[in-house]
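For reference, the structure is listed below as structure tokens.
The numbers here are math on the coordinates, done by the rules we state, and not lab data. Bear in mind that the values here come from a model prediction, so they are computed numbers and not experimental data. Don't worry about glycine lacking a Cβ; one is built from the backbone with ideal geometry, like all the others, and counts go over all protein chains shown.
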Amino acid sequence: MLDTRQVCSFADYFVVCSGDSVRQIEAIQQDIHEKLKRGGVAPYHIEGTADSGWILLDLGEVIVHIFSPLQRDYYRLDDLWHEATPIIRIQ
């Protein structure tokens, strides 16, 4: 999770995570969606598919990126937003 408030005008936080398979990417997206729904939060927009290896959930101040390892390595958001402050990193 990156705190992007000092370096980004459109979101306060990025959550960047990976799933090792299409099924796992779908499960991550569904779990996030269900937890948000229970909290009364609906995404503004959902982009991408598990088959493409990338799903984006736009929650307003928070943007969630769910990647396959190949797409995460290709887009390298961690490097692109290197000036953002890491909040938590789980390996």
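Structure data summary
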read-out	value
Estimated FRET transfer efficiency when R0 is 25 angstrom, pair TYR75-HIS45 (beta carbons, to 0.05)	0.90
Calculated semi-axes √(5λ) of the Cα gyration tensor in Å (choose from (i) 28, 12, 9; (ii) 33, 12, 10; (iii) 20, 18, 11), label	(iii)
Under 5 Å, built H, 5+ apart or other chain: amide partners of VAL16	LEU2, HIS65
Computed helical MRE - 222 nm, the chain, DSSP H runs ≥ 4 contributing -39500 (n - 2.57), nearest 500	-9000 deg cm²/dmol
